[in-house]
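Here is the structure we will look at, set down as structure tokens.
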Amino acid sequence: MVACNKDGHAASQGADTSAAPSPQANCGHTACGSNFFVDAVAPADCAPGAKCTLEVKLVATGDFHINDEYPYKFKADDAPGVEFLGADAAGKNTFSKDAKDWKKTDEKSGVMTLAFHAADKGQKTVGGTFKLSVCSAQNCQLEQQPVKATVAIR
């Protein structure tokens, strides 16, 4: 396994960071890439006005692993009736490794936790862009994946 820097390059050698193929449609996950998948896990119980969380889980596949040096970030899109509670310096709609929203769970996976309040009952779409990186011994790839999930506010 090779260490990767925050730019997604292999620390010990040059890396191919060319764009991966487009996410596969109907792959069984929220988003899929050539060497990873992402699942957005909505909270089981979320009440109006309460702090709710959405987990965005990244899993590296094959010979790939989580890039420990990459500054993982999620930029949430504005959504009617939803107030995001991010602590990143970039604003409440930004969740990041620097703000301690990202947690590596093992060599091949990690979770970005998005906190928010919903103003009223109903279905809310929570989404945005997840910036991520996975690496193999030969190279690292940088990705920006659109992620969204429907959250039931009851």
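The values are calculated or read from the model by the stated rules, or taken from the named source; none is laboratory data. Keep in mind it's a predicted model, so treat the numbers as computed, not measured. Don't worry about glycine lacking a Cβ; one is built from the backbone with ideal geometry, like all the others, and counts go over all protein chains shown. Ligands, DNA and RNA are excluded from the accessible area calculation, which covers all protein heavy atoms including side chains. Shrake-Rupley method; radii C 1.70, N 1.55, O 1.52, S 1.80 Å.
Identify, please: which residue in segment 116-145 is part of a strand (DSSP E or B) and farther than 22 Å from residue 98 by Cβ and is, among those, most open to solvent (accessible area, probe 1.4 Å)?
Filtering segment 116-145 for residues that are part of a strand (DSSP E or B) and farther than 22 Å from residue 98 by Cβ, the one most open to solvent (accessible area, probe 1.4 Å) comes out as 123.
Would you say residue 88 is part of a loop (DSSP other than H, G, I, E, B), modelled with pLDDT of 95 or more and open to solvent by less than 50 Å² (accessible area, probe 1.4 Å)? Steps first, answer last, please.
Numbers: part of a loop (DSSP other than H, G, I, E, B): yes; modelled with pLDDT of 95 or more: yes; open to solvent by less than 50 Å² (accessible area, probe 1.4 Å): yes.
Yes.
Among the residues of segment 24-63, which ones are open to solvent by 60 Å² or more (accessible area, probe 1.4 Å) and under 19 Å from residue 135 (Cβ atoms)?
57, 62, 63
Name every residue in segment 98-114 that is touching a Lys or Arg at 6+ places or on another chain (Cβ under 7 Å) and open to solvent by 10 Å² or more (accessible area, probe 1.4 Å), in order of residue number.
Looking only at segment 98-114, we keep the residues that are touching a Lys or Arg at 6+ places or on another chain (Cβ under 7 Å), and these are 109-111.
The answer is 109, 111.
Taking segment 99-114 as the search range and keeping residues that are assigned to a strand (DSSP E or B) and charged (D, E, K, R), which one is farthest from residue 88 (Cα to Cα)? Full working, then the answer.
First pass over segment 99-114, keeping only residues assigned to a strand (DSSP E or B): 102-106, 109-114.
Now drop any that are not charged (D, E, K, R), which leaves 103-104, 106.
Values: 103: 15, 104: 18, 106: 24 Å.
Selected residue: 106.
Need the failing condition index for residue 69 against (1) at pLDDT 90 or above; (2) over 15 Å from residue 142 (Cα atoms), just the number.
For residue 69, the failing item is (2).
Given the conditions (1) over 23 Å from residue 122 (Cα atoms); (2) within 13 Å of the chain's Cα centre (by Cα), which single one is not true for residue 61?
(2)
Has segment 64-77 got any residue that is surrounded by fewer than 22 Cβ atoms within 10 Å (Cβ to Cβ), free of Cβ contacts under 8 Å to residues at least 40 places away in the same chain and not in a strand (DSSP E or B)?
Checked against the condition, which is being surrounded by fewer than 22 Cβ atoms within 10 Å (Cβ to Cβ), free of Cβ contacts under 8 Å to residues at least 40 places away in the same chain and not in a strand (DSSP E or B), segment 64-77 yields no hits at all.
I'm told residue 93 meets every condition in (1) open to solvent by less than 70 Å² (accessible area, probe 1.4 Å); (2) modelled with pLDDT under 95 except one. Can you identify the failing condition by its number?
It fails just one condition, (2).
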